[in-house]
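Shown next, in structure tokens, is the structure this report addresses.
Nothing in this text is a laboratory measurement; each read-out follows from the coordinates by a stated rule. All of these numbers come straight from a predicted model, not from anything done at the bench. No Cβ is skipped: glycine too gets one built from the backbone with ideal geometry, and neighbour counts run over all protein chains shown.
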Amino acid sequence: MRRVLSPVNRCVLQVAKRFVDGNNLQEGMLNRVEAVIRAFDPLLTGCPMPTATPTRFRPNAGAVAADQIHMRTPAPPKLIAWSGRYSVGISRIDTQHQRLVDLINELHAAMLAGEGDSALAKILDGLAGYAVSHFATEETLMKKFGYPGYEQHKAEHDKLAAQVKLLIEKSRAHPTALTPEVMTFLQRWLVGHIINLDKKYAAHLNAAGVT
Ligand SMILES: [Fe+2]
Ligand SMILES: [Fe+2]
């Protein structure tokens with residue numbers, strides 16, 4: 001758990017630089033600091049850590065001085081590291097899944113950087129749109145190759161699309177309160193769906209020669 005403390009400090013510093021004006025602490029700044037800390041929740045509460053942790057984030061590296069943080073500007077840890085075990089053996093689908101991972105990591109990084117609500121909403125909208133088109137790709141393939149679990153899989157897609165739509169609506173109403181909920185949901189949704197469901201239809205397609 002200690003490995004992410006330095007990135008937390010760095011992100012809080014970034015927010016402070018943007019929002020603190022002398023001794024004047026504004027409510028917006030406090031909300032942003034809270035959002036940044038909550039954005040680390042998935043990393044602090046048992047979700048997978050990034051596979052490669054930069055040296056300066058390792059436990060023995062010690063606290064990073066503020067001026068060093070400014071000079072180094074390291075990238076924040078990725079929420080999801082793509083792994084070969086997520087591959088479904090169909091290159092087109094793997095590429096789309098990797099794009100979804102990239103978009104979730106992009107959203108997470110934007111939250112850590114204290115990006116504004118409109119920037120976050122734009123990424124979340126893009127992610128939702130890409131997910132819907134990805135679902136359509138999978139459904140077309142499943143139908144074309146007569147996958148027997150098509151109806152169940154499509155129902156799961158419809159449910160996920162509705163959940164993402166709801167998250168978008170909630171994030172518009174309460175932008176800074178959704179960070180851990182959104183990130184944990186997206187992380188579990190993508191990884192869980194790929195491993196538990198996508199691999200099943202992919203095995204059917206692989207057997208039909210689709211790779
Ligand atoms: Fe998928
Ligand atoms: Fe799927």
Set the bar at 30 Å for Cα to Cα. Now go through Lys78/Lys143; Lys159/Lys200; Lys165/Lys199; Lys122/Lys143; Lys78/Lys144; Lys144/Lys170 and name every pair that lies beyond it. Lys78/Lys143; Lys122/Lys143; Lys78/Lys144; Lys144/Lys170
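If you take every residue apart from Tyr147 with its C-beta less than 15 Å away from the C-beta of Tyr147, what net charge results, scoring Lys and Arg +1 and Asp and Glu -1? Present the calculation step by step, with values, prior to reporting the outcome.
Values: positive: Lys143, Lys144, Lys154, Lys199, Lys200; negative: Glu138, Glu139, Glu151, Glu156, Asp198.
Once positives and negatives cancel, what remains is 0.
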Between Ser91 and Ile195, what is the label-to-label distance in nm when each label sits 7 Å out along the Cα-to-Cβ direction? 2.7 nm
For Lys170 and Asn206, FRET efficiency with R0 = 22 Å and r from the beta-carbon atoms, rounded to 0.05? 0.05
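Could the peptides 131-139, 101-109 be put in order, highest first, of the mean number of other beta-carbon atoms found within 10 Å of their residues? Intermediate results must be reported in sequence, preceding the final value.
Values: 131-139: 16.3, 101-109: 20.4.
My ranking of the peptides, most packed first, is 101-109, 131-139.
Sort 162-169, 197-204 by the packing proxy (mean of other Cβ within 10 Å over each peptide's residues), most packed first. Write down the numbers at each step before the final one.
Values: 162-169: 13.6, 197-204: 18.1.
For the peptides 162-169, 197-204, the packing ranking is 197-204, 162-169.
Taking the stretch 74-211, how much of its Cα-Cα pair set, in percent, is spaced more than 23 angstrom apart?
Values: 3246 of 9453 pairs.
Summing the P(r) of the stretch 74-211 above 23 Å gives 34 percent of all pairs.
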With the contact rule set at Cα under 8 Å and sequence spacing of 6 or more, what percent relative contact order holds for the stretch 84-207? 40 percent
Taking 0.36 nm per residue of separation between Ala81 and Glu156 and subtracting their Cα-Cα distance, the length gained on full extension comes to 24.6 nm
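Place the peptides 183-190, 78-85 in order of packing, highest mean first, counting for every residue the other Cβ atoms within 10 Å and averaging per peptide. Write down the numbers at each step before the final one.
On the way: 183-190: 18.9, 78-85: 15.2.
The packing order, highest mean first, is 183-190, 78-85.
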